[in-house]
Amino acid sequence: MEAERFVGIDVALRDHRVAVLDREGEAVGPSFTIAATKDGFTTLLQTLRARGATPAHSLVGVEATGHLWENLEAALAGAGYRVIVLNPVQTRRYRDLVRRKAKTDDIDAHVIAGLLRSGVALHSYVPDEQIQSLRELARLRARLMDDRQAYLRQLIAQLDVVLPEHRTTLGDLLSARARGILAQFPTAQHLAQASPRAIRRAAEEAGTRGFSLDDALAVRDAARRSIYSGKAAEARAHVVRTLVSQLEHLTTAIEDVDRAATALLPPSEPGRGPSDAELMQTIPGIGPHTAATLLGELGALTRFTDARALVAYVGFYPVIAQSGEQVATPRLSSVGSRIARHALYLAAVNAVRRSAEWRTLYLRKRAQGKKAKQALIVVAVKLLHTVYAMLKHRRPYNPSRLLVAPATNGT
């Protein structure tokens, strides 16, 4: 049924501005403001019906401004309205087209309503319950990883003073062994005074296996030869213990998020073959976490017209800046999901390590003069093309379709 009323809503944190147009583009009453509350939503529905904007004869548009549109869209859809979620880029271009140079809430609401009336409005992708859940977890994990990396940098800075030998004595500071030892013996001074048995016990209590008494003795002896001056030892010990505690907390939180995301991955359904997540995991380098991240950030991958559109959406393309004779070094676009790009890059690293055909592709690009990171980005883009083809045709990974020769030395 053709719409008789076009409702544009400019979404904000505390209130929303609403404008209603008829088929001729005339305003149906003055624009009005509603609170972003349950009572506000009730007022909206009552006002729309009073102006003839019933669910059966209306089209509603909201701009996808962050996450603020989600509850409003759900309330309108629940009341039976057809709701189009608009990309802000689309509304901005339409505003320029109709020469609305000023930008106010009232003008934005009218622009959205006018865009709906024009018939050229395109519906933005709205993820379903499962995809939205995976997206929330993927973004939480990314924030937790960033926080953990920040604490790790601070810990390294402290240990470079209080235990400069930590790289050879403790190794990976995120390992259970290193965290367990530092939690009890946070400086070279503390380690030097500890017995090897106490050091080994600290490592074992943290979950380490295979850490012998000789290993603990080597750590203690290295601490006794440390160049640490001992200055501010107790204060710095407190800092190290606090940082280690934060790393423990964040590591546990990341593991919990990973378990929750994996549990959300859809299983295969009888008669329909493997799920998207199961198909993706047939590719070397893609495990449950990567599959969950890509599905959460990108949604249904086959909604894109082709693999190139998917690659563009992710942002895997170079940006070239040129002015006269000056040409800047091309850089990767900042458009798209940083989280998806990072997940694909790590998947490319794993694929190159674990799979002969992906390693061949990587080595070939290196032989063509590309730097290591550039070659890995090529692999990541190829992975994305491969995933798209697999999901479109519902087929598991087939290495022969990469059409690459076996890797040889020097190539």
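The values are calculated or read from the model by the stated rules, or taken from the named source; none is laboratory data. Keep in mind the model is a prediction, meaning the values are calculated, not measured. Don't worry about glycine lacking a Cβ; one is built from the backbone with ideal geometry, like all the others, and counts go over all protein chains shown.
Annotations
- Residue ID - surrounded by the fewest Cβ atoms within 10 Å (Cβ to Cβ), chosen from residues in the stretch 40-80 that are more than 34 Å from the chain's Cα centre (by Cα) and farther than 15 Å from Arg5 by Cα: Thr42
- Counting the residues of the stretch 1-17 that are small (Gly, Ala, Ser) and in contact with a strand residue (DSSP E or B) (Cβ under 8 Å, 6 or more places away or on another chain) gives 2.
- Within the stretch 97-105, one or more residues are loosely packed, with under 13 Cβ neighbours inside 10 Å and hydroxyl-bearing (Ser, Thr, Tyr).
- Among the candidates Gly8, Gly40, the residue that is outside any helix (DSSP H, G or I), out of contact with any Lys or Arg (no Cβ under 6 Å at 6 or more places or on another chain) and not hydroxyl-bearing (Ser, Thr, Tyr) is uniquely Gly8.
- Tally of residues being over 20 Å from Ser118 (Cβ atoms) and not basic (Lys, Arg) across the stretch 12-51: 23
- Test: Ala109 is touching a Phe, Trp or Tyr at 6+ places or on another chain (Cβ under 7 Å) and assigned by TED's automatic domain parsing to the domain that holds Ala27: no
- Among residues of the stretch 122-169 being free of Cβ contacts under 8 Å to residues at least 12 places away in the same chain, among the acidic types (Asp, Glu) and part of a helix (DSSP H, G or I), the one that is nearest to Arg225 (Cα to Cα) is Asp160.
- Here Ile227 fulfils each of the conditions (1) among the aliphatic types (A, V, I, L, M); (2) out of contact with any helix residue (DSSP H, G or I) (no Cβ under 6 Å at 6 or more places or on another chain); (3) surrounded by 14 or more Cβ atoms within 10 Å (Cβ to Cβ); (4) outside any helix (DSSP H, G or I) apart from (3).
- Subset of the stretch 253-275 (residues that are in contact (Cβ under 8 Å) with a residue 24 or more places away in the chain and more than 22 Å from the chain's Cα centre (by Cα)): Gly273, Pro274
- Of everything listed in (1) touching a helix residue (DSSP H, G or I) at 6+ places or on another chain (Cβ under 6 Å); (2) closer than 14 Å to Leu243 by Cα; (3) polar (S, T, N, Q), the single unmet condition for Gln149 is (1).
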